[in-house]
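Read the figures in this text as sums done on the coordinates, not as results from a lab. Small disclaimer: the values here were computed from a predicted structure and weren't measured. With ideal geometry, Cβ positions are generated from the backbone for all residues, glycine too; neighbour counts draw on all protein chains shown.
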Amino acid sequence: MLPHDLEAVIGLEVHVQLRTRTKAFCACPVVFGAAPNSAVCPVCLGYPGALPVPGREMATLGARLALAAGCDVHARSAFARKSYFYPDLPKGYQITQYDRPLATGGRIDVRGVDGTARSVRLRRVHLEEDAGKSIHDAQGDDVPPDVTLIDLNRAGAPLAEIVTEPDLRAPAEASDFLSRVRRLVRWIGVSDGS
């Protein structure tokens, strides 16, 4: 509970893993449960000279999501490199959209803290790739204790990122927003919403 002189002001960035057969910028399959590092190639590993090519299926599903949320889908958008270090991001950058996103505007209605319906404005929906996965609690005879393993099968998986305006005023509203996004992406078939 907040003190009476404070007000919660909440904005969210929600990653939606798009339901595609291939990764965002290469032909590697998007698989779950496969042997670690078995669904990778020079592109999703960021090897020098490997050239990424945006997937049509990623763009189509991203546009479907943006339209379902009432966004303005732009005729032109662009990808950029966002450089930062994560142990499970071997190339040292993420391919994402920054100043020219796929879509802007739109809204998703939520139930306010007073029980009335109200809109949460969306700032943007943009496309990007996921990083790999760090495994901190690996177990097995061949795994030394206190070791972190890296599985890069997820590296390059296509994501749509939904960025809201700071319109939420309580954790319950944020929870309702996430529930509605999950139902929406499942209903329109762009993601499993897991």
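Before moving on, here are some points about what is shown:
- Potential extension, Val53-Ala172 segment - 0.36 nm per residue separation minus Cα distance: 38.8 nm
- Fraction of the pair-distance distribution of the stretch 104-194 above 20 Å, Cα-Cα pairs, percent: 53 percent
- Straight-line cross-link reach from Lys82 at under 17 Å between alpha-carbon atoms covers these lysines, not counting any fewer than eight positions away in the same chain: Lys91.
- Using alpha-carbon coordinates, inclination of helix 56-68 to the longest axis of the chain, degrees: 10 degrees
- Principal semi-axes in Å for the stretch 41-118 [√(5λ), Cα gyration tensor, largest first]: 32, 17, 11
- Pairwise FRET efficiency - Glu7 versus Ile188, Cβ, R0 = 35 Å, nearest 0.05: 0.55
- Loop-located trypsin sites (Lys or Arg not before Pro) in the stretch 1-69, at most 15 other Cβ atoms within 10 Å (DSSP): Arg21
- Rounded FRET efficiency, nearest 0.05, which uses the C-beta distance separating Cys41 from Tyr98 and R0 of 25 Å: 0.50
- A convex hull fitted to the Cα coordinates of the stretch 1-57 yields 183 cubic angstrom per residue.
- Stretched out straight at 0.36 nm per residue, the stretch from Glu165 to Ser119 would grow longer than its current Cα-Cα span by 15.5 nm.
- Loop chymotrypsin sites (Phe, Trp or Tyr not before Pro), the stretch 58-109, which have at most 12 other Cβ atoms in a 10 Å radius of their Cβ (DSSP): Tyr84, Phe85
- Efficiency of FRET between Ala78 and Lys133 - r from beta-carbon atoms, R0 35 angstrom, step 0.05: 0.80
- For the chain, the ratio of Cα radius of gyration to the globular rule of thumb 2.2 N^0.38 Å stands at 1.14.
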